[in-house]
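These notes concern the structure reproduced below.
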Amino acid sequence: MGRVAIVTGGNKGVGYATCRGLSKKFDGDVYMTARSEERGRAALEELRKEGCNVHFHQLDIDNQASIERMRDFMKEKYGGIDILINNAAIAFGMDATEPKGVQAEVTLKTNYWSTKNVCDILFPILKPGARVANVSSLAGLLSRMSDSDMKKKLKSSGGGLTVSNVLTNEAISHI
Ligand SMILES: NC(=O)c1ccc[n+]([C@@H]2O[C@H](COP(=O)([O-])OP(=O)(O)OC[C@H]3O[C@@H](n4cnc5c(N)ncnc54)[C@H](OP(=O)(O)O)[C@@H]3O)[C@@H](O)[C@H]2O)c1
């Protein structure tokens, strides 16, 4: 079975550019994934016009059944996954009018909880030596965090997942 790389949220922005880059360097099949089949296939066409050999699979990281469908497909066709780029995310604009608490909850739902769910579902089929990259933001750097109590707790957690989950919920309750 061949090697395969998957990029989440690949239909635009950083994900799109990552698909382009991987298609030139990776010695296997590259899958652009997108939550919208229509936007994904349109983006795929654009990349193919440039001569990039990229494939498509639908993936909405907020949707359990969608993640499971992709897992089953990758397992069946490639025997697992060689590279996973967790890129999909949402961001509110600077001029967003929604209350900060709502913005935090909606953002963390996709960017943290759904990305974690993708990992929970796909990690069991990572092949030996597989690589996973989580695209993040400078806003996630501890050095830029203004809440010193939260910073201390996150530092002392050593990045443990259970502690991160609890602290993520705690942080929302402070907003
Ligand atoms: N650009 C920057 O300056 C910057 C800075 C810091 C961090 N980042 C990080 O870089 C990554 C990409 O950002 P970007 O600037 O390229 O953003 P973008 O242009 O808004 O692209 C985000 C991609 O994620 C997809 N997406 C959103 N929710 C999804 C879901 N539930 N399931 C699947 N796909 C979903 C979007 O799909 P739709 O088209 O359907 O919405 C889109 O393809 C993100 O992780 C972001 O946090 C970017």
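With r defined as the distance between the Cβ atoms of V14 and Q103 and R0 fixed at 30 Å, what FRET efficiency is calculated, to the nearest 0.05? Display every interim value, and only then the final one.
On the way: r = 21 Å, r/R0 = 0.69.
It comes out at approximately 0.90.
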Point to revise | the range 1-119: equivalent-ellipsoid semi-axes (sqrt of 5 x gyration tensor eigenvalues, Cα, Å) | key: 26, 17, 11
Check your understanding: With each pseudo-label sitting 7 Å past Cα toward Cβ, what's the S143-N53 distance in nm, one decimal?
Key -> 4.2 nm
Review point. Assigning unit charges at the beta carbon (Lys, Arg +1; Asp, Glu -1) and nothing else, what dipole magnitude in debye, to the nearest 20, does the range 46-116 show about its Cα centre?
Key: 200 debye
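Is it possible to state the helix-based mean residue ellipticity at 222 nm for the chain, with each DSSP H run of 4+ residues giving -39500 (n - 2.57), the sum divided by total residues, to the nearest 500 deg cm²/dmol? What is it?
Values: 7 runs with 82 residues, N = 175.
For the chain, the value works out to -14500 deg cm²/dmol.
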Practice item. List the residues whose amide H sits under 5 Å from the amide H of I90, counting only those 5 or more places along or on another chain, with H placed 1.01 Å from N in the peptide plane. Key: N111
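G28: net charge of surrounding residues, Cβ under 10 Å, Lys/Arg +1, Asp/Glu -1, itself excluded? Can you show the working numbers first?
Values: positive: R3; negative: D27, D29, D82.
Value of the local net charge: -2.
Can you tally the net charge around K75? Count Lys and Arg as +1, Asp and Glu as -1, for every other residue whose Cβ sits under 12 Å from the Cβ of K75.
Values: positive: R69, R71, K77, K127; negative: E68, D72, E76.
Here the count lands on +1.
Given the peptides 92-98, 50-56, 125-131, arrange them by the average over their residues of other C-beta atoms within 10 Å, most packed first. Could the numbers behind the result be given before it?
Working: 92-98: 8.7, 50-56: 14.4, 125-131: 12.3.
Final packing ranking: 50-56, 125-131, 92-98.
Read-outs throughout are calculated quantities, based only on the coordinates presented, and are distinct from any laboratory measurement. Since the structure is predicted, the reported quantities are computational estimates derived from the model, not experimental observations. Cβ sites come from the backbone with ideal geometry, for glycine too, and all protein chains shown count toward neighbours.
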